[in-house]
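The values are calculated or read from the model by the stated rules, or taken from the named source; none is laboratory data. Not measured: the values here are computed from a predicted model. Here the Cβ positions follow ideal geometry from the backbone for every residue, glycine too, while neighbour counts run over all protein chains shown. We work out accessible area using only protein heavy atoms, side chains counted, and drop any ligands, DNA or RNA first. Shrake-Rupley method; radii C 1.70, N 1.55, O 1.52, S 1.80 Å.
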Amino acid sequence: MADIHLDKERWADLLAGRVPPTERPAILAHLESPCEACEQFLAQAAERGEVDALDGLIDEALTSLSQKEQQLMDEVAFARFERAMRLRGARRLIRPLIAVAAVLIAAIFVQRTPSPTSREKGVGPQGEASVRIEALRSREGKVEPLSSRAEVRPGDALVFEIELDRPACVDLTKTHGGTSQSLIDRPLCLAAGKHVIEQSGQALGLPISAEDRGELIIGASIDGVERAHVTVAVGGP
Amino acid sequence: MIEDAVKRARAGDRSAWKEIFGRHHRGVRRVCSSFDALSDADVEDMVQETFIRAFESLAQLREDGAIGPWLLTIARSRCLSRLARRGSEHRAATAFARDPAAGAGALAWEGRHVEREARIALVRKLIADLPAGPERETAELFYVDGTLSAQKIAERLGTGKSTVTMRLERFRAKVKRRLLANLMQLGLEEA
């Protein structure tokens, strides 16, 4: 073999194990001794933007050399990471929901012909509002209605849709294992029609964790009285 | 057991995220800070991006015990991608760079592993074998001491940051050459 130095093609063949067995001893002998040309080729990998299967193994060995600070937890960095994860989750939910919300808003405007009633003028609800709540499952960026038999699992998130027959201020609560908690800071005052529940301008996504396994009840209440609820089965590994 | 933490993290257990973050954030930060063109703030961003990308892609990790090298592969790819977006000479051209999690399955060469301890011993020997001089001093300060940034090492050695990162790349290249030789040796011994 006249020229045995590493180049892109040979390196790819070596990583993939495509070098014929008869050529391996010669290449091995070459790799075992220092070679300026081969090391330069490998050192320039970063400049070429290349990352291969050996990089993680090498970096793990190199970064394990120091015993200093190994056990220290960077609480600030972790808090920053957690916050970013939450924001990212919310943004991921928002994108498909913007489209859904746009369709819903359009539907509301089309359905409601311009014949103003006292309620629409802001007088407020008369009698009890009829409330319907539906849970949508967000999994891997896809938001879809939750059928009665569908199960959610840790890692999913739930998004909620409320339908009212007249304007009302609705609170949302989560009940699990006999404990209830409000999901929103304050009741949301909504017009009649269908709404995807939002808070601070973003779709409210309820992340499902392992602690939620079992039966999860999401209730919609008006003036402290529950008017509708949806039960979600949380399973998973 | 890190495998247990990975399983729990995959199931959405946030305490497992913290365990994995705690064990690996330092290594991830070290890898990112070896790039000359990344500032301290960039490095912090890259640490964050690496863990977000990893936790979102945990389903693609084929061996739970290999999370360390997998995270570091993602970190390296994210850093190269950041540099590429800046229009520097770096180009994130490989499949790994486009999809860092794709590196998960490629952590063995023809099914042969060089265990972590053996790799650490190899790296220690390579440093010990380097002649006394700037390359050895740089590798010792960055990897063995492990507390100084590339910029601080440059100031201590009276040189530029890019010189320090270039020396580190050259040292990594030596390690890479020898590691592949070890893997090939294992293959020949088994054949």
Quote the total accessible area buried by chains B and A together, excluding ligands, DNA and RNA, probe 1.4 Å, nearest 100 Å².
6400
At R0 = 30 Å, how high is the FRET efficiency between B:THR163 and A:ALA12 if r is their beta carbon distance? Nearest 0.05 is fine.
0.50
Equivalent ellipsoid, region A:1-47 (semi-axes from 5 times Cα gyration tensor eigenvalues, Å)
18, 13, 8
FRET efficiency estimate (nearest 0.05) - Cβ-Cβ, B:SER39 to A:ILE4, R0 35 angstrom:
0.30
For residues of B:20-28, the mean tally of beta carbons on other chains within 10 Å:
5
Determine the shielding of peptide B:162-172 by partner chains: average, over its residues, the number of Cβ atoms on other chains within 10 angstrom of each Cβ.
3
Whole angstrom only: what separates the Cα centroid of region B:11-64 from the Cα centroid of region A:27-52?
27
Could you pull out every one of the aspartates and glutamates with an alpha carbon less than 19 Å from that of B:LYS161, ignoring same-chain neighbours closer than 8 positions?
A:GLU47, B:ASP36, B:ASP40, B:ASP42, B:GLU44, B:GLU89, B:GLU135, B:GLU137, B:GLU140, B:ASP145, B:GLU169
Neighbouring partner chain Cβ atoms per residue of B:30-39, average, 10 Å criterion
2
With N residues in region B:1-88, what two-decimal value do you get for its Cα radius of gyration over 2.2 N^0.38 Å?
1.09
Using θ = phi - 60° and Karplus 6.51 cos²θ - 1.76 cosθ + 1.60, couplings along region B:138-148 (whole Hz; Gly, Pro as x):
5, 4, 5, 5, 6, 9, 7, 5, x, 10, 8
